[in-house]
Every structure is written in C-alpha cells, then in structure tokens.
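Here is the structure we will look at.
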Amino acid sequence: EVQAGGTTTQSVTPSAGKIPCLCLLVLLVPFVSSSSISPASSLSSSSLLPQPPRACKGLRIKMANKVSPGKLEKSGVSVECVQDNLESGNPPDKLNENLVTSTEIEWMISKRPLVFDLVRLNLDYDPEEVQEMVAAFTEHKVTHLRGILNYPGVGTRWRVFLDWWDTRSPEEQQALSTEEHTQLAFTQFANHLGRVVSYRALALDRKSLDKILEADEIFPSGQLRQTADQLAQVLDAHGVRKVVVARLYISHLKRLIGHDPSISLHDDWQTTTCIASGYASFCSCDPSQSKNVYLFEISVPVVESLGWTLQQVAMRSSDILGPAYAKHEQWFQFAAPAAPKGVWFDASLQRTERYGLWTVPFLRKRLQRLFRFTSFDQLKQSVAPFVQQQEELRAASLAGLAAASKASANEQAA
C-alpha cells in the first residue's frame with residue numbers, strides 16, 4: 001500500500017508472508033515491499049524516482065541559516081546541520097542524563113490516566129492477551145499497579161514491566177505497595193527504559209518548517225484534516241492495536257478508523273530520510289520553491305512509544321484484516337529516490353519503526369540537531385553506506401536461518 005501526496009491511496013493485493021508497507025510519516029511516503037505490489041497496480045516504482053525540476057521563476061534566494069559544525073554519523077557525504085543544540089552548549093532539559101522529565105510524565109498521564117479499565121484494555125489489545133496480562137499481574141502480586149497498563153507504552157511492554165518489578169528489592173517493592181503509588185511506579189519504569197535518540201525526516205518548504213518549529217511539535221498526518229481532540233477520539237473509539245494495524249496496512253486505514261492518530265520515529269536516520277525523499281523537490285533557480293528534506297534528531301522517552309515492532313504489529317492483524325495477514329516475512333524492501341534500487345529493512349527490530357500516538361511534543365526542548373538535504377544526489381550518497389550495510393545484514397540473517405534450519409533437519413534425522 002502506498003499513500004502518495006498525503007491524500008491518494010493505491011490499494012494492492014496482500015499476500016501471506018509479506019509485509020506490504022512500513023507506516024507513512026506526516027507528508028511522507030510509506031515503506032512498500034517491492035515483492036507485494038500487484039502487477040496490476042497503477043503506481044509504478046518509477047513514480048517514486050527523482051523527476052526533473054519543474055520550471056520556476058524568480059531570483060536565487062540564499063537561505064539565512066547558519067551552518068553548525070554538527071556531523072551526521074555514517075553519512076556518505078557531508079550534510080548541512082542548520083541547528084545544533086548540543087554544539088551550542090544548550091542541550092534540551094539535560095537530556096544527556098537519560099532521565100524522563102516530570103513535564104513529560106505529566107503529559108503522558110494527561111493522555112492516558114493510570115487507572116485500571118478492563119473494558120479499555122480489551123479495546124486496546126487482543127482479549128486473550130488481556131487475560132494473560134491481568135493473570136500475570138495477579139501472579140506477580142502487582143494487582144494494585146494494574147492502572148499502569150492503561151498507558152500504551154506500558155501496556156505493550158507489560159512483560160518488560162513485570163521483569164523490571166521482579167528485580168526490585170523488597171524495600172523498593174514496599175515503597176510501591178499501594179494503588180496510590182501507581183504514578184511513582186510509572187515514573188520509575190519510564191526512567192528504567194530511559195531515552196532514545198530517534199529521527200523524523202520531512203520534505204518541507206521553509207514556511208512549513210517554521211510552522212512546525214513554532215507549534216513545538218510534530219503531529220500525525222491525521223491532524224492535517226482533524227483536530228487533536230478529534231484524533232484522540234479516534235484512538236479512544238478503536239483502540240491501540242487497531243490504530244497501528246490500520247497504519248501498517250494503510251490502504252485499509254480510512255475504512256478501519258477514518259483518520260490516523262499515530263506517528264512514527266526511526267532510530268536509523270537513513271530510514272526516515274529514504275521515506276522523505278519520496279516527497280522532496282528541488283528548485284535550483286529559486287530555493288524558496290524547494291521542498292528540502294529536513295531531518296530532526298530528537299531525544300524521546302522510550303516509554304512514549306509502543307513496545308511493538310513492525311512485525312509484532314503485523315502478527316496482531318489477522319482478526320482485523322483476515323487470515324491472509326497472519327504470517328509475515330522478517331525482511332522487506334523499499335525503493336525511493338534516495339535508494340532507487342531499494343533498501344532492505346528488518347521488521348523484527350523496533351529501531352526500524354518506533355510507533356507513537358498523539359504527537360511528538362516538546363520539540364524545542366527535545367531537538368538535538370536539525371539537518372537539511374538539498375538535492376537528490378546528496379540524499380543518495382548519504383544513505384548509500386546504509387543501503388550496503390542492510391544488504392549485508394539481510395544476507396547474514398538469511399544465511400543464519402538457513403544454517404539453523406539445516407541443523408534442525410539433521411538433528412531430527414539423527
């Protein structure tokens with residue numbers, strides 16, 4: 001499935017064992033598995049390739065940004081850093097300490113109060129999994145903290161939470177012994193998970209970039225047509241699992257939930273940059289008419305994102321979309337202007353896609369560096385080492401699976 005231009009969807013035929021696409025970003029094209037596009041699809045891969053710049057008029061305009069000395073790691077070429085909060089000595093909110101701030105905790109709880117609600121859990125997750133998590137909390141004698149499951153960043157990591165709880169000393173557990181300690185437990189678990197530096201790339205003109213910086217957030221694509229409150233109602237009505245399944249299989253999104261209240265970050269900057277390249281346009285005679293690719297490097301709390309990988313979301317989709325979606329491959333390939341021959345992605349890793357809900361708030365405080373790509377050649381050269389790395393990782397992964405399968409067959413034969 002492909003969403004082009006943020007409005008038109010092109011449906012393709014799903015096949016068992018494939019992951020049709022990685023989810024879209026705001027104003028960006030989603031990942032598409034080249035092996036799952038129907039031959040009858042009207043959208044050919046050539047439509048994602050760089051096109052000649054359109055005719056434009058006007059004088060050449062020099063951008064006013066001062067280039068900082070920030071460096072984009074593992075890039076094939078030098079990339080302009082237009083803002084560097086780390087280099088300037090102004091790290092946002094002491095994020096180097098790996099702590100989740102009280103402001104962030106309060107924001108998360110404002111989105112989902114830490115109150116146990118069985119009806120809500122059964123809407124957010126598969127009822128069988130809900131039974132399992134509730135039983136596990138009883139077994140571990142943590143029923144008084146079940147309200148923590150209402151926040152999706154914990155509900156999708158409930159096993160991780162129980163593992164963390166079991167490592168607490170008797171004194172630490174005693175300090176969290178009543179329901180009134182739920183927020184304290186949430187805070188401690190959030191800081192146990194810590195922060196992650198993740199990335200979001202957007203194809204933007206300068207006016208749109210300024211609007212994002214002024215809004216102090218990167219909001220979901222659904223907010224282009226709906227208010228934040230309306231999108232929150234979509235999440236409340238359909239639940240976490242259905243929302244992210246609809247995001248993954250995006251040609252079904254409108255039918256399933258109407259509008260998308262979810263958002264994604266990617267721990268490899270090359271991943272989101274490849275996606276963004278599908279919406280970039282560069283006007284050499286008037287840079288103000290260009291849609292450069294802006295790459296936001298952001299420090300975010302891990303707990304703010306869901307604990308599911310792309311593959312784990314896919315595995316939870318069969319009862320929503322049918323049995324054809326029950327099995328999915330680990331590796332899938334996506335072609336974009338930055339990687340015309342395609343780049344491979346591992347659906348079993350959360351770094352490939354970090355699912356979030358509502359928005360990415362506190363952008364000014366979280367933004368570490370902001371990079372700008374100003375040509376297709378620069379995009380291609382920048383991600384080229386990553387494309388090669390992913391090819392090698394996939395080959396090693398497939399070789400390992402083949403060796404394990406052979407060893408298992410030999411063991412059974414013996």
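Name the single residue that is farthest from R354 (Cα to Cα) among those in the range 186-216 being in a helix (DSSP H, G or I) and among the aromatic types (F, W, Y). Step through it out loud before you land on a result.
First, pick out the residues of the range 186-216 that are in a helix (DSSP H, G or I): 186-193, 206-215.
Adding the requirement that they be among the aromatic types (F, W, Y) leaves 186, 189.
Numbers: F186: 20, F189: 18 Å.
Residue satisfying both the conditions and the ranking: F186.
Quickly run through the range 199-231 and pick out the residues that are open to solvent by less than 30 Å² (accessible area, probe 1.4 Å) and over 19 Å from T103 (Cβ atoms).
Restricting attention to the range 199-231, the residues satisfying the condition of being open to solvent by less than 30 Å² (accessible area, probe 1.4 Å) are 199-204, 209, 212, 218, 220-222, 231.
Matches in the range 199-231: Y199, R200, A201, L202, A203, L204, L209, I212, P220, S221, G222, L231.
Hey, among the residues in the range 95-113 that are modelled with pLDDT under 90 and part of a loop (DSSP other than H, G, I, E, B), which one's least open to solvent (accessible area, probe 1.4 Å)?
Our first condition is that a residue be modelled with pLDDT under 90; within the range 95-113, this holds for 95-99.
Add one more test, that the residue is part of a loop (DSSP other than H, G, I, E, B), and what stays is 98-99.
Details: N98: 71, L99: 88 Å².
Taking the candidates together, the pick is N98.
Could you run through the range 131-155 and say how many residues are open to solvent by 70 Å² or more (accessible area, probe 1.4 Å) and either within 20 Å of H238 (Cβ to Cβ) or acidic (D, E) (or both)?
Looking only at the range 131-155, we keep the residues that are open to solvent by 70 Å² or more (accessible area, probe 1.4 Å), and these are 131-132, 138-139, 141.
After this cut, where a residue has to be either within 20 Å of H238 (Cβ to Cβ) or acidic (D, E) (or both) as well, the list is 132, 139.
So the answer is 2.
May I ask you to list the residues in the range 349-369 that are under 19 Å from C274 (Cβ atoms), of a type in the set (S, T, Y) and either free of Cβ contacts under 8 Å to residues at least 12 places away in the same chain or assigned to a loop (DSSP other than H, G, I, E, B) (or both)?
T352
Say whether the condition of being within 27 Å of L363 (Cα to Cα) and either touching a Cys at 6+ places or on another chain (Cβ under 9 Å) or touching a residue at least 60 places away in the same chain (Cβ under 8 Å) (or both) is met by at least one residue in the range 140-149.
So the first thing to find is which residues in the range 140-149 are within 27 Å of L363 (Cα to Cα), and the list is 148-149.
Checking the rest, the ones that are also either touching a Cys at 6+ places or on another chain (Cβ under 9 Å) or touching a residue at least 60 places away in the same chain (Cβ under 8 Å) (or both) come to none.
Scanning the range 140-149, I find no residue that is within 27 Å of L363 (Cα to Cα) and either touching a Cys at 6+ places or on another chain (Cβ under 9 Å) or touching a residue at least 60 places away in the same chain (Cβ under 8 Å) (or both), so the answer is no.
Report yes if V160 is of a type in the set (V, I, T) and open to solvent by 50 Å² or more (accessible area, probe 1.4 Å), otherwise no.
Working: of a type in the set (V, I, T): yes; open to solvent by 50 Å² or more (accessible area, probe 1.4 Å): yes.
Against the criterion (of a type in the set (V, I, T) and open to solvent by 50 Å² or more (accessible area, probe 1.4 Å)), V160 qualifies.
Which one of these does D236 not meet: (1) without any contact (Cβ under 8 Å) to a residue 24 or more places away in the chain; (2) touching a His at 6+ places or on another chain (Cβ under 6 Å)?
Of the numbered conditions (1) without any contact (Cβ under 8 Å) to a residue 24 or more places away in the chain; (2) touching a His at 6+ places or on another chain (Cβ under 6 Å), the odd one out for D236 is (2).
Can you find even one residue in the range 121-130 that is surrounded by 18 or more Cβ atoms within 10 Å (Cβ to Cβ), free of Cβ contacts under 8 Å to residues at least 40 places away in the same chain and at negative phi?
yes
Got a sec? Which of T182, T178, T167 is hydroxyl-bearing (S, T, Y), surrounded by 20 or more Cβ atoms within 10 Å (Cβ to Cβ), out of contact with any strand residue (DSSP E or B) (no Cβ under 7 Å at 6 or more places or on another chain) and farther than 30 Å from C274 by Cα? Steps first, please.
Details: T178 fails: surrounded by 20 or more Cβ atoms within 10 Å (Cβ to Cβ); T167 fails: surrounded by 20 or more Cβ atoms within 10 Å (Cβ to Cβ).
Only one candidate passes the filter, namely T182.
Would the range 326-342 turn up any residue that is in contact with a Pro (Cβ under 9 Å, 6 or more places away or on another chain), open to solvent by 10 Å² or more (accessible area, probe 1.4 Å) and polar (S, T, N, Q)?
No, every residue in the range 326-342 fails to be in contact with a Pro (Cβ under 9 Å, 6 or more places away or on another chain), open to solvent by 10 Å² or more (accessible area, probe 1.4 Å) and polar (S, T, N, Q).
Does the range 272-286 include one or more residues that are touching a Phe, Trp or Tyr at 6+ places or on another chain (Cβ under 6 Å), surrounded by fewer than 24 Cβ atoms within 10 Å (Cβ to Cβ) and either in contact (Cβ under 8 Å) with a residue 40 or more places away in the chain or closer than 26 Å to L321 by Cβ (or both)? I'd like the intermediate steps shown before the answer.
To start, the set of residues in the range 272-286 that are touching a Phe, Trp or Tyr at 6+ places or on another chain (Cβ under 6 Å) comprises 272.
Filter again for surrounded by fewer than 24 Cβ atoms within 10 Å (Cβ to Cβ), leaving none.
No: zero hits.
The values are calculated or read from the model by the stated rules, or taken from the named source; none is laboratory data. Every value quoted in this text rests on a predicted model; they were computed, and no experiment measured them. Counting neighbours? That spans all protein chains shown, and the Cβs are built from the backbone with ideal geometry, glycine included. With ligands, DNA and RNA removed, areas are computed over all heavy atoms of the protein, side chains included. Shrake-Rupley method; radii C 1.70, N 1.55, O 1.52, S 1.80 Å.
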